[in-house]
1. Separation of segment 395-459 and segment 260-288 by C-alpha centroid, Å?
2. Helix 275-289 versus the longest principal axis of the chain: what angle, 0 to 90°, nearest 10, using Cα atoms?
3. Counting only Cα atoms, I'd like the Rg/Rh figure for segment 44-144, Kirkwood definition for Rh.
4. Report, largest value first, the span of the C-alpha coordinates of segment 331-455 along each principal axis, in whole Å.
5. For segment 181-240, restrict the atom set to alpha-carbon positions and state the Rg and Dmax in Å.
6. Where does the chain land at 222 nm, in deg cm²/dmol rounded to the nearest 500, when only DSSP H runs of n ≥ 4 count, each adding -39500 (n - 2.57), divided by all residues?
7. Please compute, for the alpha-carbon atoms of segment 271-317, the extent along each of the three principal axes and give them in descending order in Å.
8. Helix 128-138 against the longest principal axis of the chain: what's the angle in degrees, Cα atoms only, rounded to the nearest 10?
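Just so you know, all these numbers are worked out from the coordinates, no wet-lab data involved. It should be emphasised that the depicted structure is a prediction, and the values quoted were computed from it without experimental measurement. Here the Cβ positions follow ideal geometry from the backbone for every residue, glycine too, while neighbour counts run over all protein chains shown.
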């Protein structure tokens, strides 16, 4: 087999499959197709190529044209990858819950990204699909990709993904578990599989809060205003591309279940996958455990976890969103997102330069750093200190942190009450928490806000 492609587009598809062994799947065997091996890192490369090539064939997309789409990220990457190679401009409208890594990937591919709200329904002025549609109507020479209704979306899976799976499984497949974003994956796969084997079970794994599972199992299509942290799947409406007549069952999966599966998948199977994969595998496991006879079941590793390192694989993010359980101490240490005494905090030394401090702040997305010497806190440097000391003079970036750091530090004992913490934060200060002589870390305004969000059980 010739593995040398004429372009990167030739490497889309033909991804491998592997059997999972780290999970309790009852009497069933569970296989995953590694769609993270696509050039853009996800299954959506397939529909990006299909949508653009079908639009070229129909004349809807002409040379020099602009592609416009509403996307949770991966479809955008697939479209942007193909657009970059074929020489099209592209504008993408993305909900604000998408990972920073996805956005940076899109921008790196040359896409113009517009970020809008993820917590509003269709009809709202900031609903991402409505914005994209309006933008397409106002942009000369544009093509609206419209993954939710475009028949080229399920076509990609009917003609490539499904036949590959069928061949890899030697036609021995009893059930397939997929998620619903645009609906194209489920529909395209089901159309092929049901033709080959009418008894094959097509299962939807759906995040809690999405309308799809209830539509399948209860015939309830009403969106109740739910939200979820998993990206790329789950909907507040039934997409045109989703043929519910081809779906046999649906499994609801919580965010906590999805993100827990991701950790196991990486630690025990070595597969670094994105958040939607956690939902699919968790749903597949649940379905498998309900069976009373042996079945071969398959699902997807939808995309690579490299796009979610700051979220799905960040302990502090998981903790902030109550996706991991940690036994608290019952004091202010429970509010510290990164513990200094557990080597979780990024820090600097007094002889480091201001440039070093700046780079570490940017890399870790923090606005202040502790200055440590032999594990002892000797000062703090924040972004305001940096600005005041590098203003209009490039040479000042080489100054030592020790020359500008704040050394007069007001600290709080870890056993202080919450009102003392609030008073400190309301004065515009970061709370510096100590347990006797041991520096534990900082508490910021955001940390206290997260505390109240959790207390009030807000999503």
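1. 36 Å
2. Compared with the principal axis, the helix lies near 60 degrees.
3. Details: Rg = 12.8 Å, Rh = 13.4 Å.
Rounded to two decimals, Rg/Rh equals 0.95.
4. 46, 29, 24
5. Using the Cα atoms of segment 181-240, the pair Rg, Dmax is 12.5, 38 Å.
6. On the way: 15 runs with 154 residues, N = 459.
Per the formula, -10000 deg cm²/dmol.
7. Answer, in whole Å and largest first: 40, 19, 13 Å.
8. Once rounded, the angle reads 70 degrees.
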